[in-house]
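Okay, so here's the structure we're looking at.
The values are calculated or read from the model by the stated rules, or taken from the named source; none is laboratory data. For clarity, every value in this text was computed on a predicted model and none was experimentally measured. Note that we place each Cβ from the backbone using ideal geometry, even for glycine, and neighbour counts take in every protein chain shown. Calculation scope for accessible area: heavy atoms of the full protein, side chains included, ligands and nucleic acids excluded. Shrake-Rupley method; radii C 1.70, N 1.55, O 1.52, S 1.80 Å.
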Amino acid sequence: MGILDKLFGKPKPKYETLGNTEPVCPYCAKTLDKMPGRKTKCPFCANYMYVRTRPADKKRVVVTEQDAAKINEQWMVEHGTVEGPPMVEAIKFAQERGAQIAAKYELTSDSASRLAHIVSDGIKNKRGIDGLACDIRKKFPDMTTDRARLIAHNETAEALSHASLERSKDMGVTGKEWVLCQSEGAVPPVCDICRANAAVGAIPVNQMFPGGVMGYPQHDGCRCCTAPVMLPRAHGDNPGKP
């Protein structure tokens with residue numbers, strides 16, 4: 001969906017309604033004792049089942065690993081983290097990161113300001129991690145390729161995470177959950193802090209994860225993400241308040 005579609009009010013895409021709303025294993029179709037609250041192994045077929053809130057109807061469903069990834073992608077479209085108004089929020093956030101960048105990467109205020117501008121332009125122009133890393137290296141030739149790529153990854157993740165969280169609040173989404181990077185050979189590997197963030201399951205949208213962050217990334221090079229969740233009413237009252 002392009003930015004003009006968003007601006008001129010064309011219909012949102014119709015999402016595939018994935019998963020089971022009842023406690024039924026999405027792999028073997030056996031009935032479970034109760035609806036899982038988070039990722040768990042089916043007692044019958046031993047496959048891992050995932051629990052997600054699907055954007056099609058905001059219902060909580062139990063899904064396969066493959067369908068969990070599809071739902072995450074659907075939420076990315078719904079949030080507009082690729083195009084549209086939330087991208088404006090991501091770009092603005094990146095532009096205003098000068099002071100934080102200076103402290104985090106031990107740069108002068110002038111260098112940090114230039115770096116923030118490069119990052120915001122990279123997000124705006126959809127340069128991707130590799131393209132943004134190249135842009136950083138052109139302006140900071142003394143910086144190593146690995147460091148430039150790490151900064152590109154970290155700052156893009158920070159901006160998009162912030163935009164996604166704000167978009168969730170605007171849409172009335174009441175909760176969120178931590179989604180671990182599923183790649184076994186991920187570099188850096190999934191850490192204990194990220195595992196602890198995922199272990200708590202769904203939490204209110206304004207609550208911090210155990211690692212002390214509102215959303216991804218938890219650390220430099222973090223490959224995890226967060227997914228929106230509609231919590232039961234008892235947990236979702238006044239989602240705009242901490």
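Each of D130 and D146 was given a label point 7 Å from its Cα along the Cα-to-Cβ line. The distance between the two points is 2.0 nm.
Of the listed pairs K14/K39; K70/K124; K39/K104, which have alpha-carbon separations greater than 29 Å here? The answer is K39/K104. Across region 202-219, computed HN-Hα scalar couplings (Karplus, 6.51 cos²θ - 1.76 cosθ + 1.60, θ = phi - 60°) run 6, 10, x, 4, 9, 9, 6, 6, x, x, x, 10, 7, x, 5, x, 7, 7 Hz from first to last residue, x flagging Gly and Pro. Leaving out ligands, DNA and RNA but keeping every protein chain, what accessible area does S168 have, in Å² rounded to the nearest 10, with a 1.4 Å probe? My reading of the accessible area for S168 is about 10 Å². Measuring only protein heavy atoms, the 1.4 Å probe finds E22 accessible over about 110 Å².
List the GluC sites (Glu not before Pro) within region 131-224 that fall in a DSSP loop (any state other than H, G, I, E or B) and whose Cβ has at most 12 other Cβ atoms within 10 Å. Here the GluC sites (Glu not before Pro) that fit, given the DSSP loop and packing criteria, are E184. Available extension along the chain between M208 and A99 is 37.0 nm, counting 0.36 nm per residue and deducting the alpha carbon span. When the surface is traced with a 1.4 Å probe over the full set of protein chains, K124 keeps roughly 130 Å² accessible. With a Förster radius of 22 Å applied to the beta-carbon distance between T21 and F44, the computed FRET efficiency rounds to 0.70. Backbone geometry of region 158-168 corresponds, through the Karplus equation with coefficients 6.51, -1.76 and 1.60 at θ = phi - 60°, to 3J(HN,Hα) couplings of 4, 5, 5, 5, 4, 5, 5, 5, 5, 5, 4 Hz, x marking Gly and Pro.
Of the heavy-atom accessible surface of region 99-182 (probe 1.4 angstrom), what whole percent is carbon and sulfur? Result for region 99-182: 49 percent of the exposed heavy-atom area is carbon or sulfur.
Remark: region 64-176 carries a charge dipole of roughly 280 debye about the Cα centre, counting +1 on each Lys and Arg Cβ and -1 on each Asp and Glu Cβ. What the phi angles of region 223-231 give under the Karplus curve with 6.51, -1.76 and 1.60, with θ = phi - 60°, is a coupling list of 9, 6, 8, 10, 10, x, 9, 9, 7 Hz, glycine and proline written as x.
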